[in-house]
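Comments concern the structure below.
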Amino acid sequence: MKSCLIVIDVQESFRHRPYFNDTDMPAYLSAQNELINGCIARGVPVVRVFHSDGPDVTENAFSPASGHVRPLQGLAPFDAAATFTKSRHSALVGTGLDVWLTRHGVQRLIVSGIRTEQCCETTTRHASDLGWEVDYVTDATLTWDMVQPDGQALTAADIKTRTATVLQDRFATLCNVPQALARSTTLTPQPA
């Protein structure tokens, strides 16, 4: 089964958001870089997805005019098999990524990137609904604390746990980096 790593929204834009902090960044970048380098070593294509929306002004960190829609500092440099820019949560909406994946015979997506519960989870659900097998690499996603509607804090760790819980065995296979790399070149038996 041909796999493809999708690196979603790993961009400097997030450093310019009020919720940004570096607390989980070292562990995340270590896992993300290991996944990228491992996929490259195995001949698995790596696709980069950027997020860009809102007014194209320098004050909007997600606009090209800001100069922040570029790889996050500390991300391993890599030559992407393809690069897409999205303006919605799912990397499969309006980008042409779905067409690229189909043309290249990709059957399994390896999802990683920023934010765990937002663009990574949404892309995972969408890809699953469209028929791709999805490996969701929990340690190669990143998010930040949020405030719930009732005003209580929800930690990034809790968000990651919740995301893993709702995706597991319904939309994706949960993997850590070594598991995802092992599965990236594993053939899934096809029905007779």
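The values are calculated or read from the model by the stated rules, or taken from the named source; none is laboratory data. In this text, all values refer to a predicted model and were calculated from it rather than measured experimentally. Ideal geometry is used to build each Cβ from the backbone, glycine not excepted, and the neighbour counts take in all protein chains shown.
Looking at the stretch 14-42 only, could you name the residues that are among the hydrophobic types (A, V, I, L, M, F, W, C), under 17 Å from the mean Cα position of the chain (by Cα) and more than 20 Å from His68 (Cα to Cα)? Before you say what the answer is, go through the steps one by one.
At the first step, the residues of the stretch 14-42 found to be among the hydrophobic types (A, V, I, L, M, F, W, C) are 14, 20, 25, 27, 29, 31, 35-36, 39-41.
Then keep just the ones that are under 17 Å from the mean Cα position of the chain (by Cα); that gives 14, 25, 27, 29, 31, 35-36, 39-40.
Answer for the stretch 14-42, where residues must be among the hydrophobic types (A, V, I, L, M, F, W, C), under 17 Å from the mean Cα position of the chain (by Cα) and more than 20 Å from His68 (Cα to Cα): Ala27, Ala31, Leu35, Ile36, Cys39, Ile40.
The rows are residues; the columns are (1) of a type outside the set (Gly, Ala, Ser); (2) touching an Asp or Glu at 6+ places or on another chain (Cβ under 8 Å).
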| position | (1), (2) |
| --- | --- |
| Gly96 | no, no |
| Thr116 | yes, no |
| Asp158 | yes, no |
| Thr163 | yes, yes |
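Return the residue satisfying two criteria in turn: it lies in the stretch 89-103 and is buried (at least 16 other Cβ atoms within 10 Å of the Cβ) and either out of contact with any helix residue (DSSP H, G or I) (no Cβ under 7 Å at 6 or more places or on another chain) or not aliphatic (A, V, I, L, M) (or both), and of such residues it is nearest to Thr123 (Cα to Cα).
Filtering the stretch 89-103 down to residues buried (at least 16 other Cβ atoms within 10 Å of the Cβ) leaves 89-92, 95, 97-98, 100-101.
When the remaining residues are screened for being either out of contact with any helix residue (DSSP H, G or I) (no Cβ under 7 Å at 6 or more places or on another chain) or not aliphatic (A, V, I, L, M) (or both), the result is 89-90, 95, 97-98, 100-101.
Details: His89: 7, Ser90: 4, Thr95: 12, Leu97: 11, Asp98: 11, Trp100: 15, Leu101: 13 Å.
Per the stated criteria, the residue is Ser90.
So in the stretch 1-30, with the set limited to residues that are of a type in the set (Ser, Thr, Tyr) and not in a loop (DSSP other than H, G, I, E, B), which one is nearest to Thr58 (Cα to Cα)?
Of the stretch 1-30, the ones of a type in the set (Ser, Thr, Tyr) are 3, 13, 19, 23, 28, 30.
Adding the requirement that they be not in a loop (DSSP other than H, G, I, E, B) leaves 3, 13, 28, 30.
Working: Ser3: 37, Ser13: 11, Tyr28: 28, Ser30: 30 Å.
If we take residues in the stretch 1-30 being of a type in the set (Ser, Thr, Tyr) and not in a loop (DSSP other than H, G, I, E, B), then Ser13 is nearest to Thr58 (Cα to Cα).
Matching residues to (1) in contact with an Asp or Glu (Cβ under 7 Å, 6 or more places away or on another chain); (2) among the small types (Gly, Ala, Ser):
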residue: Lys2; (1), (2): no, no
residue: Ala61; (1), (2): no, yes
residue: His68; (1), (2): yes, no
residue: Gly74; (1), (2): no, yes
residue: His89; (1), (2): no, no
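For the stretch 107-134, name all the residues that are surrounded by fewer than 22 Cβ atoms within 10 Å (Cβ to Cβ) and of a type in the set (Asp, Glu).
Glu117, Asp129, Glu133 - these are the residues of the stretch 107-134 that are surrounded by fewer than 22 Cβ atoms within 10 Å (Cβ to Cβ) and of a type in the set (Asp, Glu).
Out of all the residues in the stretch 45-68, is one or more of a type in the set (S, T, N, Q), on the phi < 0 side of the Ramachandran plot and not in a loop (DSSP other than H, G, I, E, B)? Write out each step before concluding.
Taking the stretch 45-68 as the starting set, the residues that turn out to be of a type in the set (S, T, N, Q) are 52, 58, 60, 63, 66.
Pick out the ones that are also on the phi < 0 side of the Ramachandran plot and you get 52, 58, 60, 63, 66.
If we keep only those that are not in a loop (DSSP other than H, G, I, E, B) as well, we get 66.
Looking for residues that are of a type in the set (S, T, N, Q), on the phi < 0 side of the Ramachandran plot and not in a loop (DSSP other than H, G, I, E, B), one finds at least one in the stretch 45-68, hence yes.
What helices (runs of 4 or more DSSP H) lie completely within the stretch 83-192 and have 2 or more residues being of a type in the set (Gly, Ala, Ser)?
Per the criteria, 121-129, 156-167, 177-184.
This table checks each residue for (1) at pLDDT 95 or above; (2) under 23 Å from Ala76 (Cα atoms); (3) surrounded by 19 or more Cβ atoms within 10 Å (Cβ to Cβ).
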{"residue": "Ser87", "(1), (2), (3)": "yes, no, no"}
{"residue": "Gly105", "(1), (2), (3)": "yes, no, no"}
{"residue": "Asp150", "(1), (2), (3)": "yes, no, no"}
{"residue": "Val166", "(1), (2), (3)": "yes, no, no"}
{"residue": "Ala172", "(1), (2), (3)": "yes, no, yes"}
{"residue": "Ala182", "(1), (2), (3)": "yes, yes, no"}
